[in-house]
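All remarks here apply to the structure that follows.
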Amino acid sequence: DSGVTQTPKHLITATGQRVTLRCSPRSGDLSVYWYQQSLDQGLQFLIQYYNGEERAKGNILERFSAQQFPDLHSELNLSSLELGDSALYFCASSVVGADTDTQYFGPGTRLTVL
Amino acid sequence: GQQVMQIPQYQHVQEGEDFTTYCNSSTTLSNIQWYKQRPGGHPVFLIQLVKSGEVKKQKRLTFQFGEAKKNSSLHITATQTTDVGTYFCAGSWGKLQFGAGTQVVVTP
């Protein structure tokens, strides 16, 4: 158990819909990362937050947005969903968001778009 | 853009054999991390290498950082079924970037 929690574990929805994925970082960690992992694919970095502020952006679509709240939990919003958005979405947290930090991954949310 | 390349993409290993997976970058890295993801699981941190030529061992796993800090390797000796999973390297130029991973299948 990494100490990072993600809800829900599974999400099934239809094309065109909007969903919100939630992540709570490890106690004491200030930085949160979001990754997308499609079937048999690597980890595609989406976005990073540090103490409520966006720190780095990866290959995140305009239809996707995220935020980190004052209590440090984070939400990833996916809208106008397409079949290709079906994937495993991981949240990770680290202490201060430095590149030398260990990233602790949550169990992931499996999104299926029908 | 900058990226880390991992080879091979897939590795089928007989139980008891050794194998090595490689991670390469076109530019010098400040550090490199290795993670393991078991089937159905999430990535778990294994180790971080920072110094040029650094070698670290964890039981049957040996991690090495190249002298030029542009490549790294993970060598597993006497592979066991518990070694099944995908091994990711993550290199940093100030921002950590994950490679595509090496998926390891172990045949008993």
Which percent of the accessible area of chain A is formed by carbon and sulfur heavy atoms (probe 1.4 angstrom)? 47 percent
In a Gaussian network model of chain A with springs linking alpha carbons closer than 10 Å, the residue among A:99, A:29, A:71 that fluctuates most is A:99
Amide H of residue B:54 versus every other amide H placed in the peptide plane: which residues, excluding those fewer than 5 positions away on the same chain, fall under 5 Å? B:65
In peptide A:31-38, how many Cβ atoms from other protein chains are near each Cβ within 10 Å, on average? 1
Taking every C-alpha to C-alpha distance in chain A and binning by 10 Å from 0, the per-bin percentages run 16, 51, 29, 5
Compute the projected area of the convex hull of the Cα atoms of the range A:21-87, averaged over all viewing directions, and report it in nm² to one decimal place. 4.6 nm²
When every alpha-carbon pair in the range B:1-44 is counted, what percent end up more than 13 Å apart? 70 percent
Residue B:42 - accessible surface, heavy atoms, 1.4 Å probe, Å² rounded to 10: 50 Å²
With a 1.4 Å probe, how much accessible area is buried between chains A and B, both sides summed, in Å² to the nearest hundred? 1400 Å²
Inter-chain Cβ neighbour average for residues B:38-48, partner chain, 10 Å: 4
DSSP-defined antiparallel bridges as percent of all bridges, chain A, nearest 5: 90 percent
Computed over the Cα atoms, what is the radius of gyration of the protein assembly as shown divided by 2.2 N^0.38 Å, N being its residue count? 1.02
I'd like to check one number: the per residue accessible area of the range B:13-52, probe 1.4 Å, reported in Å² as a whole number. 46 Å²
In a shell of Cβ-Cβ distance under 14 Å around residue B:4, excluding residue B:4 itself, what net charge do Lys and Arg (+1) and Asp and Glu (-1) give? +2
Apply the Karplus curve 6.51 cos²θ - 1.76 cosθ + 1.60, θ = phi - 60°, to the phi angles in the range A:23-39 and return the couplings in whole Hz, x for Gly and Pro. 9, 10, x, 4, 4, x, 7, 9, 10, 10, 10, 10, 10, 10, 10, 7, 3
Per residue and in Å³, how big is the convex hull formed by the alpha-carbon atoms of chain B? 88 Å³
Amide H proximity to residue B:31 below 5 Å, modelled H, separation 5+ or other chain, gives B:92
Calculate what fraction, in whole %, of the accessible area of the range B:1-49 sits on carbon and sulfur atoms when a 1.4 Å probe is rolled over the protein chains. 50 percent
For residue A:104 the rounded accessible area (nearest 10 Å², probe 1.4 Å, non-protein molecules ignored) is 80 Å²
Among beta bridges that DSSP assigns inside chain B, antiparallel share in %, nearest 5: 90 percent
Sequence order, the range A:81-91: Karplus ³J(HN,Hα) from phi using 6.51 cos²θ - 1.76 cosθ + 1.60, θ = phi - 60°, Hz rounded, Gly and Pro as x, gives 4, 10, 4, x, 7, 4, 5, 9, 10, 9, 10
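The values are calculated or read from the model by the stated rules, or taken from the named source; none is laboratory data. A quick note: this is a predicted structure, and the numbers were derived from the prediction, not measured. All Cβ positions, glycine included, derive from the backbone under ideal geometry; neighbour counts span all protein chains shown. These area figures cover heavy atoms from the full protein model, side chains too; ligands, DNA and RNA do not enter into them. Shrake-Rupley method; radii C 1.70, N 1.55, O 1.52, S 1.80 Å.
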